[in-house]
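Student: Okay, handing you the structure first.
Each reported figure results from applying straightforward, stated rules to the coordinates on display, with no laboratory input. All figures in this text were calculated on a predicted structure; none of them were measured in a lab. Using ideal geometry, Cβ is built from the backbone for each residue, glycine included, and neighbour counts are taken over all protein chains shown.
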Amino acid sequence: MERVIDVRNGRNLTMLTDFYELTMGNGYMKEGVSDTIAYFDMFFRRVPDGGGYCIMAGVDQLMEYLENLTFSKEDIEYLRGKGIFSEEFLSYLENFKFECDVWAVPEGTPVFPNEPLVIVRGPIIQAQFVETMILLTINHQTLIATKANRIVRAAKGRPVLEFGSRRAQGYDGAIYGSRAAIVGGCSSSSNTLAEIMFNVPSSGTMAHSWVQLFDTELEAFRKWANAYPSNCSLLIDTYNVLKSGVPNAITVFDEIVVPSGFRPKSVRIDSGDITYLTKETRRMLDEAGYSDVKIIVSNSLDEHIIRDVLNQGAEIDIFGVGERLITAKSEPVFGGVYKLVAVEKDGRVIPRIKISENQEKITNPHFKKVYRIFTKKNDKAIADVICEHDEVIDENEPLTIFDPVYTWKQKVVTSFYARPLHVQLFSQGKPVYDSPTVLEIRDYSAKETDKLWAEVLRFENPHNYYVDLSQKLWDTRQDLLISHSREYI
Ligand SMILES: Nc1ncnc2c1ncn2[C@@H]1O[C@H](COP(=O)(O)OP(=O)(O)OP(=O)(O)O)[C@@H](O)[C@H]1O
Ligand SMILES: O=P(O)(O)OC[C@H]1O[C@H](OP(=O)(O)OP(=O)(O)O)[C@H](O)[C@@H]1O
Ligand SMILES: O=C(O)c1cccnc1
């Protein structure tokens, strides 16, 4: 029988894991190493769309998953049926209790390549198992929040309404995509379930079908205005924006909305030349005494078209953005990875590295923490410094930061303050973090993004924000690189 999937009331997603996590788990147990304490980092290597930073998202859903890790009897039976898992392993899963420590960068924070977004410490059998869902939740929402943030920035303070549910990749893509879009700065979502689940505002106008159902556009507008006189928004491009849509809208505003004691809210244009049509529409509305009525535009918009039409002088108050936002169409992969960085032996943390011919793919070893360095002068973020877990940055001493590859590129920072980037989500398997609301996250994100220099915020060829290693961590990494390469001489 198929499982019943109930999106709202919670599903058991424990088995949403790559099969190799299970075969490795079984193998770790067979080898007697399943309790070895391991450290994993989740990080990404490149910002999508050539941007300067990403917006962290998905932490709340990650916590929900980790808090609810339980294997059902059916799961155990299914695994037993595979004929490859030991009874010891199956019994471990049956009595599974999450025991890891987990740290993450709070949602809404601007984040950069190569720094750990999530850190997991725990028995290898567990820390390994959660890889798939950590990547899935953070990769998806961070991708969409980052895209939304670009689109919202292009809109230069005008609200952006998220309209993408119908074109999202499946219902989870719509639900969590809506959430991430709000984290990234959208004002509202057309997805009603997103409001119910996350308390994000949902809103909308009307579809062409409303206008088409009635014999004339004027009749359709009248019926709508009668139904919603206090919140009247009309879609004016079904037949002809300037010859029919705008004049009919003005007639109905005069005839029904204003006499009912209200001001009309907006008109929406969903096709044609946005610049020309919005300029003319603005002029006609203003002449008719409706300069307070907002103009909404939609139609396969993204950050580039929005920037273009605003540069052209389009008269737009609000943007509706769907398919290119909810699918991150321009670059739909967020390549976050999850790598083992250390193990514990006799209570000591032993760093581990992954070596590659490709310099970019060599990992940063060790149990780490990250400080964001701000200049006291104007609170702008200067750099992130990745340190070993027991290092403390002394704000009273000048700090030398240097490029981890081009090490001669150095900078001495004075008059700064350093903020640790991570919060702890779980302590020995117990949740210890209260997620803020999605709207609080959006506000926080806007404030943190404001702390980046304009050069980092650029859409094209942004300045590479510094993500540096402390001297101690750089030395550890170098030692590991040298000692591993000696093995192959
Ligand atoms: N002035 C403009 N400058 C840049 N891009 C624009 C401008 N006006 C519209 N666009 C964009 O051009 C693309 C195509 O617009 P067009 O009106 O041809 O759409 P369409 O999909 O053919 O219309 P319809 O919805 O009627 O099928 C859309 O992505 C739209 O956002
Ligand atoms: O274009 P998006 O950014 O995805 O914005 C959402 C689109 O969804 C609706 O279109 P609909 O499904 O009616 O199809 P349409 O493209 O023919 O208008 C709406 O009219 C927008 O065009
Ligand atoms: O409310 C709207 O205007 C809307 C909702 C979904 C998709 N397009 C438009």
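Student: Arrange Met206, Met63 by Cβ neighbour counts within 10 Å, fewest through most, would you?
Tutor: On the way: Met206 16, Met63 19.
Taking fewest neighbouring Cβ atoms as first place, the list is Met206, Met63.
Student: Based on the mean of other beta carbon atoms within 10 Å per residue, what is the order of 97-105, 442-450, 299-307, 14-22, most packed first? Each step should come with its number before you reach the end.
Tutor: On the way: 97-105: 21.3, 442-450: 17.4, 299-307: 19.1, 14-22: 15.0.
So the order, starting with the most tightly packed, is 97-105, 299-307, 442-450, 14-22.
Student: Please list, in order along the range 191-205, the HN-Hα scalar couplings obtained from phi with the Karplus expression 6.51 cos²θ - 1.76 cosθ + 1.60 (θ = phi - 60°), rounded to whole Hz, x for Gly and Pro.
Tutor: So the Karplus estimates, Gly and Pro as x, are 7, 5, 5, 5, 5, 5, 7, 10, 6, 9, x, 10, 7, x, 10 Hz.
Student: Can you compute the FRET efficiency between Met206 and Asp434 using 1/(1 + (r/R0)^6), with r the Cβ-Cβ distance and R0 = 60 Å? Round to the nearest 0.05. Write down the numbers at each step before the final one.
Tutor: Numbers: r = 39 Å, r/R0 = 0.65.
Computed FRET efficiency for Met206 and Asp434: 0.95.
Student: Quote the FRET efficiency, to the nearest 0.05, computed for Arg458 versus Thr400 with a Förster distance R0 of 25 Å and r equal to the Cβ-Cβ distance.
Tutor: Efficiency computed from Cβ-Cβ geometry: 0.40.
Student: Here's a follow-up. Can you compute log10 of I(q)/I(0) for the range 83-136 with the Debye formula, treating each Cα as one identical point scatterer, at q = 0.19 Å⁻¹?
Tutor: Normalising to I(0) and taking log10 leaves -0.78.
Student: Compute log10 of I(q)/I(0) for the range 342-489 with the Debye formula, placing one identical point scatterer on every Cα and leaving out solvent, at q = 0.16 Å⁻¹, to two decimals.
Tutor: -1.10
Student: Given a Förster radius of 25 Å and the C-beta distance between Glu280 and His304 as r, what FRET efficiency does 1/(1 + (r/R0)^6) yield to the nearest 0.05?
Tutor: Numbers: r = 23 Å, r/R0 = 0.94.
That pair, Glu280 with His304, gives E of 0.60.
Student: Right, another one. Tell me, Val432, Val111 in order of fewest to most beta-carbon neighbours within 10 Å?
Tutor: Values: Val432 12, Val111 27.
The order, fewest Cβ neighbours first, is Val432, Val111.
Student: If you average 1/r over all unlike Cα pairs in the range 1-130 and invert the result, what Kirkwood radius do you get in angstrom? All intermediate terms of the calculation are to be shown ahead of the outcome.
Tutor: Working: mean 1/r = 0.0605 Å⁻¹.
Answer for the range 1-130: a Kirkwood hydrodynamic radius of 16.5 Å.
Student: Another question, then. Of Ile274, Leu340, Ile306, which is farthest along the charge dipole of the range 225-355 in the positive direction, counting Lys and Arg as +1 and Asp and Glu as -1 at C-beta?
Tutor: Leu340
Student: At a 10 Å Cβ-Cβ cut-off, how would you order Ser203, Ser330, fewest neighbours first? It would help to have the intermediate numbers written out before the result.
Tutor: Values: Ser203 18, Ser330 14.
Exposure proxy ranking, most exposed first: Ser330, Ser203.
Student: So what's the Cα pair-distance distribution over the range 184-343, bin width 5 Å, in %?
Tutor: All Cα pairs, binned at 5 Å, distribute as 1, 8, 16, 18, 18, 14, 10, 5, 2, 2, 2, 1, 1, 1, 0 percent.
Student: Taking the Cα centre of the chain as the origin, how large is its charge dipole in debye, to the nearest 20, when only Lys and Arg (+1) and Asp and Glu (-1) carry charge on their Cβ atoms? Walk me through the numbers before you get to the answer.
Tutor: Values: 55 positive and 68 negative charges, 153 e Å.
Charge dipole of the chain: 740 debye, to the nearest 20.
Student: Would you please calculate the Kirkwood hydrodynamic radius of the chain over all C-alpha pairs and express it in Å, rounded to one decimal?
Tutor: Details: mean 1/r = 0.0397 Å⁻¹.
Across the chain, the inverse of the average 1/r is 25.2 Å.
Student: Label points 7 Å out from Cα along the Cβ direction at Ser356 and Lys411: separation in nm?
Tutor: Distance between label points: 2.6 nm.
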